[in-house]
Amino acid sequence: MATAAAAVIDTDVVVIGAGPAGLYAAFQLGLQELDTHVVDSLPHAGGQCAELYPDKPIYDVPGLPAVSGRELTQRLLQQLRPLAVPLHLGQVVAHLQADGVDAPSAPGRWRLRTAGELQFAARAVVIAAGVGAFLPRRLAVPGLQAWEGTQVHYDDPPPQSWLDRHVVVTGGGEAAVRLALRLAEAGAARVTLLHRTDRFAIEAALDEQLQSAIGAGWIRLCLGQPIGALAGEDGSLQALEIATERDERLSLPLDLLLPRLGLHPRLGPIADWGLALERKHLLVDPLTLQTSHSGIHAIGDVVHYPGKRKLIVCAFHEATLAAFAIAERLRGGPVPLEYTTTSPRLLALLRGAG
Ligand SMILES: Cc1cc2nc3c(=O)[nH]c(=O)nc-3n(C[C@H](O)[C@H](O)[C@H](O)COP(=O)(O)OP(=O)(O)OC[C@H]3O[C@@H](n4cnc5c(N)ncnc54)[C@H](O)[C@@H]3O)c2cc1C
């Protein structure tokens with residue numbers, strides 16, 4: 001529920017997703033001088049490029065013979081910088097609904113709300129949600145969600161919640177190991193790392209740090225699979241029931257549980273916004289990238305139209321056409337083509353770029 005105090009951000013356009021499609025759309029919308037805000041569920045920009053393959057070279061981005069996912073993201077952010085588009089990161093857009101008239105002569109407004117209680121009123125929306133919002137994988141233990149936000153945290157809890165407490169971190173990847181090391185150094189009373197095996201999917205240097213923390217007794221390793229949650233008399237989460245490799249049962253007492261099982265993309269709320277879909281992709285007009293609702297456009301991996309290719313270069317093209325279509329609709333007439341090389345208006349906007 002939105003709090004009465006939450007201020008509504010009034011803007012021309014909200015872009016949902018800060019992957020390559022969303023970042024480039026924000027740039028093109030900025031060139032159209034449309035007030036634009038970008039929202040992404042991840043704590044950083046770059047979408048799949050940053051989350052799934054940050055260090056792999058991409059060879060088919062025009063003009064960049066080889067660029068890593070991370071570097072492409074940095075370059076897109078650098079290109080966007082002169083246009084000062086606000087990025088709201090770590091925010092899942094959960095609700096989108098019409099707010100006002102919706103006719104070509106009088107474009108309506110769209111209300112958007114994030115799970116983190118940010119609210120927007122926008123004249124147009126660009127959905128650049130890719131394969132969906134990257135959200136933490138939940139620990140599949142019956143009843144555990146009852147303690148989410150109090151003793152079970154999928155994001156970083158405030159220090160006062162783990163200082164002098166017994167914290168259990170579960171997971172076998174870098175995020176779990178780094179968090180366990182950080183908490184052990186920063187003052188948690190006891191840190192247990194819970195994982196199925198004693199093999200972790202981490203680089204050798206990090207594994208060395210982990211082994212020395214285990215050797216020094218800063219981190220205790222617990223091997224097994226959590227299968228149940230045990231409540232105390234006061235209703236708090238007291239312990240996890242663990243099945244070991246030898247199929248024995250043991251109880252792991254805890255104050256705080258921090259599952260770090262990786263992220264997975266979920267289209268989630270977007271599928272419930274009443275927009276026409278084809279096999280979980282938003283149907284768009286390839287000329288304007290408009291969805292089945294006027295004022296809502298979609299670009300990048302989340303869309304379908306005849307001939308669609310899920311490539312970054314195609315997302316850039318779609319972002320450009322969507323920005324022109326939105327500008328024409330909001331201004332009520334044709335928008336002339338201008339070159340960034342020669343247009344005094346665009347040069348003034350981009351002054352300071354590069
Ligand atoms: C391993 C791999 C290699 C690839 N190599 C290439 C290549 O060589 N060349 C190429 O052209 N393409 C490549 N691709 C494909 C390319 O990465 C995608 O086409 C591109 O990332 C699509 O960009 P996007 O912005 O549409 O979506 P994404 O990159 O998926 O970004 C979407 C963003 O939207 C956010 N989001 C979704 N829903 C919400 C919501 N409700 N609220 C807030 N935020 C939300 C997500 O968190 C995400 O950050 C590769 C993909 C993979 C997985």
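What follows draws every value from the coordinates through simple rules; no lab data is involved. Computed from a predicted structure; not experimentally measured. Counting neighbours? That spans all protein chains shown, and the Cβs are built from the backbone with ideal geometry, glycine included.
Comparing 335, 271, 244 along the charge dipole axis of the chain, the residue lying farthest to the positive side is 335, per the Cβ-charge model.
Restricting attention to the chain, close to 45% of DSSP beta bridges with both partner residues there are antiparallel.
Length, then width, then depth: along the principal axes, the Cα atoms of the chain run 70, 46, 37 Å.
Taking N as the number of residues in segment 138-261, what is its Cα Rg relative to 2.2 N^0.38 Å?
Values: Rg = 13.6 Å, N = 124, 2.2 N^0.38 = 13.7 Å.
Scaled against compact globular proteins, the figure is 0.99.
Averaging Cα coordinates gives a centre for segment 31-92 and one for segment 158-234; these two points are 32 Å apart. Placing unit charges on each Cβ (+1 for Lys and Arg, -1 for Asp and Glu) gives the chain a dipole about its Cα centre, and among 232, 206, 9 the Cα reaching farthest toward its positive end belongs to 9. Each residue of segment 80-92 was assigned a 3J(HN,Hα) from its phi angle through the Karplus curve 6.51 cos²θ - 1.76 cosθ + 1.60 (θ = phi - 60°); the sequence is 7, 3, x, 8, 6, 7, x, 10, 10, 9, x, 10, 8 Hz, with glycine and proline shown as x.
Any idea what angle helix 174-186 forms with the longest principal axis of the chain, computed on alpha-carbon atoms, 0 to 90 degrees, nearest 10? Once rounded, one gets 60 degrees.
Exposed loop positions in the chain were taken to be trypsin sites (Lys or Arg not before Pro) whose DSSP state is not H, G, I, E or B and which have at most 11 other beta-carbon atoms within 10 angstrom. Between these positions, the longest stretch is 1-198. Looking at segment 308-350, the chymotrypsin sites (Phe, Trp or Tyr not before Pro) that sit in a DSSP loop and have at most 13 other Cβ atoms within 10 Å of their own Cβ are 339.
Taken about its Cα centre, the chain carries a charge dipole of about 600 debye when Lys and Arg each add +1 at the Cβ and Asp and Glu each add -1 at the Cβ.
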